[in-house]
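These notes concern the structure reproduced below.
The values are calculated or read from the model by the stated rules, or taken from the named source; none is laboratory data. All values derive from a computational prediction rather than experimental measurement. Positions of Cβ are generated from backbone atoms using ideal geometry, with glycine treated the same way; all protein chains shown enter the neighbour counts. Ligands, DNA and RNA are excluded from the accessible area calculation, which covers all protein heavy atoms including side chains. Shrake-Rupley method; radii C 1.70, N 1.55, O 1.52, S 1.80 Å.
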Amino acid sequence: MTVRNVTRTMSNTRILIADGSNVVMRCALGGELSSAQAVPTASNMIERATRECDATHLVIALDCPGEPTWRKQLYPDYKANRTLDTSTWIIAAATEWHRQGWWVEDVVGYEADDIIATIALRAITRPDTEVFVLSGDSDVLPLTAQGIRVIKPVSGGLFTTLASSQVCSKYGITTPTALVELKAMTGESGDNVPGVTGIGDVRALALLTAHGDLEGVIAAGLRKVCKYSTMVAAAANLARLSRRLVTLATDAPIVKISPAGCAL
């Protein structure tokens, strides 16, 4: 399967980096599909996303099934709440996408999000280059602070494209990177990231608005500025661990990608 009928409206490079693991599992779990059914559906979603952003180049990032990541080594309970073995779908997707000639990247010890961040932040510095990320995972949204746009699948087979301003408006923050500070306090149940007990979205946002970032909240808590900052300060080590877990690595050891190899 080859991406076809992509209308070129601009001469500059437009790179789409797809979170292949997120896309294929979204298709599999959303429709209760087997790997034989989910992979073609995921391929179709990626093709439609290339047309959505008028991409000239495509890279697909994947997790390495069964391989422990640096997050798991740092916090053994990371994603411990996920009991479903997703390797069947991801391996089938990788096999098919390689067959199609799409550029697929996976790195032992790193998640697809880390690969996306590493490639995206390198690519966005190149002249006349626009970078888009296809993912339904909020962990990639801080990348919009660098001018990267996130294409998020929504119901009905449609997409919504999020830039920095949309992310800030959605979460009530002044910069998309503040999402990391918020999740440090609230945790993230989907990935079993702990956060601080008793601190939810509303309280975390109020603390962040008042004190700037996690370290500011902790400093305020040590001064006993308010009950909730004191709670965060008492769990400072856990909050810092959570912040580390939700922060994307930008140094995944990725081989140099040939522009010709990932051109559409």
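Out of Thr247, Thr50, Thr83, any idea which swings most in a Gaussian network model of the chain, alpha carbons joined below 10 Å?
Evaluated over the chain, the most mobile residue of the options is Thr83.
Which residue, Ile116, Ile173, Ile90, has the most motion in a Gaussian network model of the chain that connects Cα atoms within less than 10 Å?
The residue with the greatest mean-square fluctuation here is Ile173.
Over region 12-131, with every protein chain in place, what whole percent of the accessible area is carbon and sulfur at 1.4 Å, could you tell me?
In region 12-131, the share of accessible area belonging to carbon and sulfur is 51 percent.
Write down the Å³ per residue value for the convex hull defined by the alpha carbon atoms of region 1-149.
Values: hull volume 16.8 nm³, N = 149.
Roughly 113 Å³ of hull volume per residue.
For the chain, what is the percent of antiparallel DSSP beta bridges, rounded to the nearest 5?
30 percent
Could you identify which residue out of Asp251, Asp85, Asp213 has the top mean-square fluctuation in a GNM of the chain using Cα springs shorter than 10 Å?
Result for the chain, Cα springs under 10 Å: Asp85 fluctuates most.
How large is the Kirkwood hydrodynamic radius of region 99-189, counting all unique pairs of alpha carbons, in Å?
This gives a value of 14.4 Å.
Express in nm, to one decimal, how much length is gained between Lys170 and Ile257 on full extension, taking 0.36 nm for each residue of separation and deducting their alpha carbon distance.
Result for the pair: 27.9 nm of gain on full extension.
List the residues of region 104-125 whose backbone N lies under 14 Å from a point placed 7 Å from the Cα of Thr250 along the Cα-to-Cβ direction.
114-125
On a full-extension model of 0.36 nm per residue, what is the gain between Asn44 and Lys72, subtracting their alpha-carbon distance, rounded to one decimal in nm?
Details: separation 28, 0.36 × 28 = 10.08 nm, distance 3.17 nm.
Taking Asn44 through Lys72 to full extension adds about 6.9 nm, to one decimal.
Where q = 0.16 Å⁻¹, what log10 of I(q)/I(0) comes from the Debye formula for region 172-264, counting one point per Cα?
Calculated log10 I(q)/I(0) at the listed q: -0.61.
Which whole-number percent of Cα pairs in the chain have a distance greater than 24 Å?
Counting pairs separated by more than 24 Å, the tail of P(r) holds 50 percent.
Taking the DSSP beta bridges in region 127-247 as the whole, what percent of them are antiparallel, to the nearest 5?
65 percent
So between Gln100 and Ser189, what do we pick up on full extension, going 0.36 nm a residue minus the alpha carbon distance?
28.5 nm
Roughly how far apart, in whole Å, are the Cα centres of region 220-251 and region 68-106?
29 Å
Trypsin sites (Lys or Arg not before Pro) within region 178-264: which are DSSP loop residues with at most 15 other Cβ atoms inside 10 Å?
The qualifying sites are Arg223, Lys224, Lys256.
Report, as a whole number in µm² per second, the diffusion coefficient that Stokes-Einstein gives for region 33-96 at 20 °C and 1.002 mPa s using the Kirkwood radius over alpha carbon pairs.
The calculation lands on 155 µm²/s.
Modelling each spin label as a point 7 Å along the Cα-to-Cβ direction, I'd like the Ala210/Gln146 distance in nm, to one decimal.
According to this spin-label approximation, the distance is 3.3 nm.
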